[in-house]
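Working notes for the structure below.
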Amino acid sequence: MTENSYSNVNDNTPVLVGCSQYLGKKGLDGPNYLDILSVATKTAIADCEAKNDVTKHLDTISVIRFTADTPNRDSATTELWGYPNMPRSIGNILGITVPNEIYTTTGGNSPQLLLNELCNRIKDGKSNCAVLTGGEALDTFVSRLKSGAEMDWEDDPGGEPESLGSLKELGSEFEMRHGIFDPSSVYPLFANSIRKSEGKSSLQHMQDIGNLFSGFSKVAAENEHAWFKIHRSPEEIVEVSPQNRMVGFPYTKYMNSIMRVNQSAALVVTSAKKARELGIPESKWIFMYGGASLNDVWNITDRDNLHSSPAINKCSEAVFNKSGLELSDISYFDLYSCFPSAVQIAQKEIGITVDDKRSLTVTGGLPYYGGPGSAYVVNSISGMMNKLRKDNGSFGLLNANGWFLTKHALGLFSSKPFEGEWDQVADTSHAQIEIDNSASSLFIEEANGRGSIETYTVVNSREAPKKAIIIGKLEDGKRFVANTRKGDEDLLNKMMSNEMLDAKGTVKFEDSRNIFQPD
C-alpha cells in the first residue's frame, strides 16, 4: 500500500481510527455501567496513537442503550436505572462538553445503524470527530443484587441526549401473550423452521449446529477479550447435561447468547481531514466501504416464513453494490450469533455456502465471547478493525441483528484506502417499502378448528419443561400462534423427543389464548 493512496482520500471521508474491547472483572467487585464505558472510551482514544489530543477535538459522544434501560421490560433493573444521560456522563469523565450527545434505542442492530449515521454526518460536514461506545455490566449488577449489596449506581449530569433508532414494540401484544417475548423462546422457532425447510431430522440439524458453534467457541478460546475462553466440542454443545440444560427446544444453554457479562467496546470515527490534523498514523485507518440497514416484517406471525430474512438479503446486495465488491473479496466475517438460527439464516441470505472455509466470526460469538446486550457489534467492529489492520488491503463483512431477526444492519470494512467521493451508506427506503408490503394477511388471533404445526419450541425452566409455543396453520391456510394446555408435562416431553413438525391437532381459543392439542 503506497503513501500516495492515502493522499487520495478525500477530506470528508469518514475513517475509523481508534477501537477497544474491554473485559471487566467478574463478580461483586466488577465495574459499574459508567466505569465500563469510560475505560473502553479512553482506551479507544489512546488506540488512535494521535500526535494531538483526540479528546479535545470530540464533537459527538454516542452510546448504545443498555439492557437495564430498555423501556417497558419487566425487570428490576429498569427501576434501578440511574444514568439518564450517559453520553454527558462520559463527557464529564473525559473533562469535555460536546454539542452532540446520542443514545440509541434497544437492539443488536444499533451499533452499525449508529455508525452509518455518524459516517453520513462526517461526510456531510456535520461532525468531524466522534466516539461510539457500548457495553454491559450485568454480571456486577446481578451479583450485587443477589448478595443484597447496595445499588447506588447513578449519575445525573442533566440534559437529554438525541435518540436514534426505532422505539416500536418488539411484537404484537397477542404474540407476547403466548410467550413471543424472550429471544431464547423465539429463535428456536426459527431453528425448527430451518430444519423443516432443509428436510433434515432433528439429529442432523443438531449435528450442523454442534459443528458450527464448536468453531465459534474455538475462536473465543483464543480471544483475550472473551468471557468464556473454552473450546467446546460439538458433542458438548449439543448434549443435554446438568451444565448444559435445555433452554428452548432444540437449543441448549451453550447455544444461547450470554448477556450477563462485564464487557464493553468503543470506536473513534473522524473525517480524513481531522485524522491528518490529529496526526493519527495511517496504519490505524479503517474505511467503511458499505453500510445498509433494513427491517424484516415486524411481527413474526406476519412473515412469509420463519427460515429466511429478506432484509439481510437486500442489505447484503446493497453493501456489495455500493462497494463494487463480491463475496469472494471478503477475508473476514462476523455473523451475528445470538443463536444458531441467526447465523444460519444470515449465512444463507448473504450467500456464504456451508462448505466455505472462511471463519464466520472474529470474536467467537455471543454465547462464548459474550453478548453485551445491544452493544455486541461494537465489539465485533473493533475485532474486525484489528484483523484488517494486520492484513493490509483486506476486506471484512459483519451483520447486526435486533429483536427477533427483525432489525438488521450490515457493514463492509477495509484497510484499503477509499478513493473518490464517499457516499457508501445505501438508501434502502424502497426496499423497506417492498418488505413491509410483503407482510402476510393470513394470521388470525382467535383460532378454532383443525390445524397443523408449522414450527414450535418447548420453553424449559431449570427444573422442567414449562410450555410450548406453536406457530401453526389451520386447514383453510390461516396462521395462528398457540400454547399447549398448562401442566401437560408429558406432552411437552413428547414434543422434545418425537417429531412434531406438521403434526395435526385441534386449536381452540380459551381465556385469551389459543390452545393446541395434538392428535
Cα-based helix-to-principal-axis angle, 310-323 vs the chain, degrees rounded to 10 = 20
Zone residues, the stretch 336-370, relative to N244, backbone N less than 11 Å from point 7 Å out along Cα-to-Cβ = none
Sorted largest first, the C-alpha extents of the stretch 449-518 along its principal axes in whole angstrom are 38, 28, 14
K284: which lysines have alpha carbons under 22 Å from its alpha carbon, excluding same-chain residues fewer than 8 sequence positions away?
-> K42, K51, K56, K123, K273, K274, K387, K390, K416
Over all Cα pairs of the stretch 19-75, the Kirkwood radius sets Rh, and Rg/Rh then becomes 1.06
So D152 and I96, fully extended at 0.36 nm per residue minus their Cα-Cα distance, gain in nm 17.7 nm
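Please tell me the relative contact order of the stretch 449-518 in percent, rounded to the nearest whole number, where contacts are Cα pairs under 8 Å and at least six residues apart.
Computed over the stretch 449-518, the figure is 34 percent.
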Roughly how large, in nm² to one decimal, is the mean projection of the convex hull of the alpha-carbon atoms in the stretch 304-447?
-> 10.4
Cα-only Rg/Rh for the stretch 380-513 with Kirkwood Rh rounds to 1.18
Amide H to amide H under 5 Å from D155: which residues, 5+ apart in sequence or cross-chain, H placed 1.01 Å off N in plane?
-> Y83
Assuming R0 = 22 Å, what is the FRET efficiency of R389 and K25, from their Cβ-Cβ distance, to the nearest 0.05?
-> 0.20
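Would you work out the relative contact order for the stretch 341-420, in percent, from Cα pairs under 8 angstrom that are 6 or more residues apart? If you can, show how the numbers build up before the last one.
Details: 61 pairs, mean separation 16.8, N = 80.
About 21 percent, as a whole number.
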Please pull out the direction-averaged projected area of the stretch 80-198, using the convex hull of its alpha-carbon atoms, in nm² to one decimal place.
-> 11.7
Between Q204 and H57, what is the spin-label point distance in nm, taking each point 7 Å from the Cα along the Cα→C-beta axis?
-> 5.7
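Pairs of alpha-carbon atoms within less than 8 angstrom and 6+ residues apart define the contacts here; what relative contact order does the chain have, in percent?
21
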Phi-derived 3J(HN,Hα) across the stretch 461-472 with the Karplus relation (6.51, -1.76, 1.60, θ = phi - 60°), rounded Hz, x for Gly and Pro, is 8, 5, 9, 6, x, 9, 6, 9, 10, 10, 9, x
How big is the shadow of the Cα convex hull of the stretch 298-357, averaged over all directions, in nm²?
-> 4.8
Give, in nm to one decimal, the length gained when the segment between T506 and R462 is fully stretched (0.36 nm per residue of separation minus the Cα-Cα distance).
-> 12.9 nm
Using only Cα atoms, what Kirkwood radius does the stretch 265-388 have, in angstroms?
-> 16.4
Rounded to a whole number, the Stokes-Einstein D of the chain in µm²/s (Kirkwood radius over Cα pairs; 20 °C; 1.002 mPa s) is 91
P(r) tail fraction, the stretch 182-252 - alpha-carbon pairs more than 16 Å apart, % | 55
Sequence order, the stretch 155-161: Karplus ³J(HN,Hα) from phi using 6.51 cos²θ - 1.76 cosθ + 1.60, θ = phi - 60°, Hz rounded, Gly and Pro as x, gives 7, 10, x, x, x, 9, x
Partner lysines for K466 [C-alpha distance under 19 Å; skip if fewer than 8 residues away on the same chain] = K253, K486, K494
With axes computed from alpha carbons, what is the tilt in degrees of helix 376-390 against the longest principal axis of the chain, rounded to the nearest 10 within 0 to 90?
-> 50
Starting from 0 in steps of 5 Å, tell me what percent of the Cα-Cα pairs of the stretch 223-292 lands in each bin.
-> 3, 11, 15, 13, 11, 10, 10, 10, 7, 6, 4, 0
Quick calc, L327 & N10: beta-carbon distance into FRET formula, R0 25 Å, rounding 0.05, result 0.40
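Values in this text are rule-based calculations from the coordinates and carry no lab data. Given the structure is predicted, the values throughout are model-derived calculations rather than measurements. Cβ sites come from the backbone with ideal geometry, for glycine too, and all protein chains shown count toward neighbours.
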